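The values are calculated or read from the model by the stated rules, or taken from the named source; none is laboratory data. Worth saying up front: this structure is predicted, and the values here are computed from it rather than measured. So basically every Cβ, Gly included, is an ideal-geometry build from the backbone, and we count neighbours across all protein chains shown. Surface accessibility is based on the protein's heavy atoms, side chains included, excluding ligands, DNA and RNA. Shrake-Rupley method; radii C 1.70, N 1.55, O 1.52, S 1.80 Å.
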Amino acid sequence: MSSGKHTLVISPIGEVDSAGRLLEHLGVELREFFGHDTEVLPLLEEKDLWLDPLRNQVHSTPILERLSTLCPPEALKILAITRVDLFIPILTHVYGEAQLGGKACILSTYRLTDGLCVGPETFHCRIVKEAVHELGHTFNLRHCRDTTCVMHYCRSMKEVDRKSRALCRYCAVLLEDERKRLIRGTDHPRS
Ligand SMILES: [Zn+2]
Ligand SMILES: [Zn+2]
């Protein structure tokens, strides 16, 4: 498999979806949202992750560093997806983490099933929102105060369900500027 220029790489770590439709669905959604082709490319396995024995969770930051070096250089961004529960030391858990303005981000499906009667539709919808949110950070978007904007920081699944999967007008402009800058930058490096 070869990575085209400016693609978004979706990189599952181990089994993330037994039915197999999740990654396909996500690829279509992300392509539509960001306007870049997507490609599924596994680069790490679950056994490559270091499980913190005290917390029984995986620290996400080192995974991002590994992904950004493993990722094909011509790919624009990489989003990893894992079933394992992720943390960063200052928080009990994270739904995901991203390198702000960098290349790599990750999301965990572990807590996305929280809540009563979560059907596959809600689950997929949460994954799309979290994927867009984390990729948004790699395009240099920060947290947004607008509670309906996909870049809003959510502390619970209730808040995730409440926000839309779209950007507010302000964040949409920032994303467009950043995308243009990146694509121009790779084609014609600035002096
Ligand atoms: Zn965030
Ligand atoms: Zn916003």
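Overview of values
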| quantity | calculated |
| --- | --- |
| Candidate set: region 62-100, residues that are without any contact (Cβ under 8 Å) to a residue 60 or more places away in the chain and over 23 Å from residue 52 (Cβ atoms); chosen: the one most open to solvent (accessible area, probe 1.4 Å) | 73 |
| Unmet requirement for residue 128, which otherwise passes all of (1) within 13 Å of ligand 1 (Cβ to nearest atom); (2) in contact with a helix residue (DSSP H, G or I) (Cβ under 7 Å, 6 or more places away or on another chain) | (1) |
| Region 135-157 - residue that is touching a helix residue (DSSP H, G or I) at 6+ places or on another chain (Cβ under 7 Å) and of a type in the set (Val, Ile, Thr) and, of those, farthest from ligand 2 (Cβ to nearest atom) | 147 |
| Flag for residue 172 being of a type in the set (Gly, Ala, Ser), part of a helix (DSSP H, G or I), at pLDDT 95 or above and open to solvent by 10 Å² or more (accessible area, probe 1.4 Å) | yes |
| Residue list for region 138-148, filter: surrounded by fewer than 23 Cβ atoms within 10 Å (Cβ to Cβ), under 23 Å from residue 10 (Cα atoms) and touching a His at 6+ places or on another chain (Cβ under 9 Å) | 143 |
| Residue 121 being among the charged types (D, E, K, R), open to solvent by 60 Å² or more (accessible area, probe 1.4 Å) and outside any loop (DSSP other than H, G, I, E, B) | yes |
| Selection within region 157-168 - of a type in the set (S, T, N, Q) and within 14 Å of ligand 1 (Cβ to nearest atom) | none |
| Residues that are open to solvent by 70 Å² or more (accessible area, probe 1.4 Å) and modelled with pLDDT of 90 or more, drawn from region 16-49 | 24, 28, 31, 32, 37, 42, 45, 47 |
| Which listed residue, of 76, 86, 91, is in contact with a helix residue (DSSP H, G or I) (Cβ under 9 Å, 6 or more places away or on another chain) and within 16 Å of ligand 1 (Cβ to nearest atom) | 86 |
| Residue check for residue 160: of a type in the set (A, V, I, L, M), open to solvent by less than 70 Å² (accessible area, probe 1.4 Å) and either assigned to a helix (DSSP H, G or I) or touching a helix residue (DSSP H, G or I) at 6+ places or on another chain (Cβ under 9 Å) (or both) | yes |
